[in-house]
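Below you'll find the structure, written out as structure tokens, and then a few comments.
The values are calculated or read from the model by the stated rules, or taken from the named source; none is laboratory data. Quick caveat: nothing in here was measured; it's all calculated off a predicted structure. Using ideal geometry, Cβ is built from the backbone for each residue, glycine included, and neighbour counts are taken over all protein chains shown. Remember, those area values only see protein heavy atoms, side chains included, never the ligands or the DNA or RNA. Shrake-Rupley method; radii C 1.70, N 1.55, O 1.52, S 1.80 Å.
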Amino acid sequence: MQRIFSGVQPTGNLHLGNYLGAIRNWVRLQNDYECIFCMVDLHAITVWQDPAELRSNTREVAAAMIASGVDPETNIIFNQSQVPQHAELAWIFNCVARLGWLDRMTQFKDKAGKDKARASVGLYAYPNLMAADILAYKATHVPVGEDQKQHLELCRDIAQKFNHDYGEEVFPIVEPLIFGEATRVMSLRDGSKKMSKSDVSHASRINMTDDVDTIAKKIRKARTDAEPLPTEMVGLKGRPGASNLVGIYAALSDTTSAQVLTEFGGKGFGDFKPALADLAVDKLSQIQDETRRLMAAPDHVDAIIKTGAQKARAIAEPILREIREKIGFLQT
Ligand code: TYM
């Protein structure tokens with residue numbers, strides 16, 4: 001069986017990177033796999049979250065997933081904390097993963113910053129919980145953006161070590177699914193940094209909730225260079241700002257960067273940016289309208305999440321029973 005698991009943190013607004021790098025690909029894969037999509041609230045609290053905001057963000061992320069085209073009838077959508085098997089398996093994986101493996105995680109280094117001693121233990125063990133999310137369902141494929149690749153390698157290492165230690169092929173070795181023209185959407189202010197929720201500059205990212213004027217303004221102000229767009233892909237080398245905008249255009253219009261250059265090569269940003277802004281507004285406003293419609297009936301969204309959590313527990317519990325048995329926990 002081919003099963004997908006993927007997740008998104010319900011911290012603040014979703015941005016264009018989350019949509020193009022992950023959620024849009026989920027929509028494309030949903031008919032070919034059994035899919036489980038999760039708002040990872042246990043991951044969110046590895047850094048401080050205001051309780052009321054966490055709750056409303058969790059609901060809003062579910063609404064945005066559905067508005068983006070994830071079908072809540074055929075897929076499972078739920079929040080992580082409602083399925084305790086994630087936390088249980090994460091503890092087991094804390095005992096499987098080695099400190100040396102976690103020490104290599106670049107995301108922890110980025111997020112913890114210079115003062116590592118003040119970071120939560122949860123932030124450090126974050127990738128073990130992520131492996132538990134996936135393996136509690138024995139998922140085989142994980143569609144994510146490029147930035148999650150290292151975490152998925154760790155998930156493979158954990159599965160391999162567990163299988164080796166307990167002498168059986170208990171867990172699958174997951175395959176990352178990283179594809180499309182926007183696997184790594186970059187900051188609009190600095191083409192060498194990824195677009196991220198935690199960037200202090202609001203102008204660095206397009207939020208899925210930004211209104212028409214804000215989207216147009218952020219694209220207009222995006223840092224680029226003064227040269228016109230090249231006609232060939234090689235011409236984008238060493239031009240991170242330009243290459244980012246071309247990639248975003250390609251992803252939003254379902255074409256390739258090369259095709260975008262065929263259309264816009266030789267034109268300056270004075271022509272290209274307004275075209276990109278129109279395209280972004282067109283695509284995102286449809287999702288925004290639908291998100292708003294769903295959020296007007298929060299009980300309906302909550303019911304979807306509740307059903308999703310029930311279905312998720314029904315898959316994870318027999319797998320956890322098998323794991324407890326393998327480890328030697330007394331089960332009565
Ligand atoms: P998170 O919430 O940071 O991001 C959610 C998804 O969006 C992708 N993404 C991007 N893609 C392209 N360009 C960007 N600038 C960009 N920024 C974010 C991420 O790669 C991700 O796919 N640890 C995960 C959540 C998680 C998870 C999991 C994912 C928890 N458990 C199990 C897969 C499987 C995270 O923090 O994603």
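Observations on the model:
- Odd one out for residue 330, checked against (1) over 28 Å from residue 229 (Cβ atoms); (2) over 25 Å from the mean Cα position of the chain (by Cα); (3) open to solvent by less than 20 Å² (accessible area, probe 1.4 Å); (4) not polar (S, T, N, Q): (3)
- The single condition from (1) among the aliphatic types (A, V, I, L, M); (2) touching a residue at least 12 places away in the same chain (Cβ under 8 Å); (3) open to solvent by 20 Å² or more (accessible area, probe 1.4 Å); (4) within 16 Å of the ligand (Cβ to nearest atom) that residue 216 fails is (4).
- Of all the criteria given as (1) assigned to a helix (DSSP H, G or I); (2) assigned by TED's automatic domain parsing to the domain that holds residue 216, the one not satisfied by residue 315 is (2).
- Within segment 40-53, the set of residues being open to solvent by 40 Å² or more (accessible area, probe 1.4 Å), outside any loop (DSSP other than H, G, I, E, B) and in contact with a helix residue (DSSP H, G or I) (Cβ under 8 Å, 6 or more places away or on another chain) comprises just one member, 42.
- All of (1) open to solvent by 70 Å² or more (accessible area, probe 1.4 Å); (2) of a type in the set (S, T, N, Q); (3) out of contact with any helix residue (DSSP H, G or I) (no Cβ under 8 Å at 6 or more places or on another chain) hold for residue 201 with one exception: (1).
- Residue list for segment 97-144, filter: aromatic (Phe, Trp, Tyr), in contact (Cβ under 8 Å) with a residue 40 or more places away in the chain and either more than 9 Å from the ligand (Cβ to nearest atom) or not assigned by TED's automatic domain parsing to the domain that holds residue 315 (or both): 101, 137
- Residues of segment 167-179 that turn out to be modelled with pLDDT of 95 or more and in contact with a helix residue (DSSP H, G or I) (Cβ under 8 Å, 6 or more places away or on another chain), as a count: 9
- Flag if residue 197 is modelled with pLDDT under 95, under 24 Å from residue 26 (Cα atoms) and within 9 Å of the ligand (Cβ to nearest atom): yes
- Flag if residue 57 is in a helix (DSSP H, G or I), surrounded by fewer than 24 Cβ atoms within 10 Å (Cβ to Cβ) and at pLDDT 95 or above: yes
- Taking segment 1-39 as the range and being assigned to a helix (DSSP H, G or I) and open to solvent by 10 Å² or more (accessible area, probe 1.4 Å) as the test, the residues that pass are 17, 18, 19, 22, 24, 27, 28, 29.
- Candidate set: segment 167-191, residues that are open to solvent by 60 Å² or more (accessible area, probe 1.4 Å) and closer than 21 Å to residue 256 by Cα; chosen: the one nearest to the ligand (Cβ to nearest atom): 184
- Qualifying residue in segment 265-275 (condition: of a type in the set (Phe, Trp, Tyr) and over 22 Å from the mean Cα position of the chain (by Cα)): yes
- Of everything in segment 145-160 that is near the ligand (Cβ under 10 Å from one of its atoms) and in a helix (DSSP H, G or I), the residue that is surrounded by the fewest Cβ atoms within 10 Å (Cβ to Cβ) is 149.
- Pairs where the first residue, in segment 58-87, is aliphatic (A, V, I, L, M) and the second is assigned to a loop (DSSP other than H, G, I, E, B), C-beta under 6 Å, 6+ apart: 61/10; 64/14; 64/208; 66/72
- Residue match in segment 64-71 (condition: among the small types (Gly, Ala, Ser), within 13 Å of the ligand (Cβ to nearest atom), in the same structural domain as residue 138 (by TED's automatic domain parsing) and open to solvent by 10 Å² or more (accessible area, probe 1.4 Å)): yes
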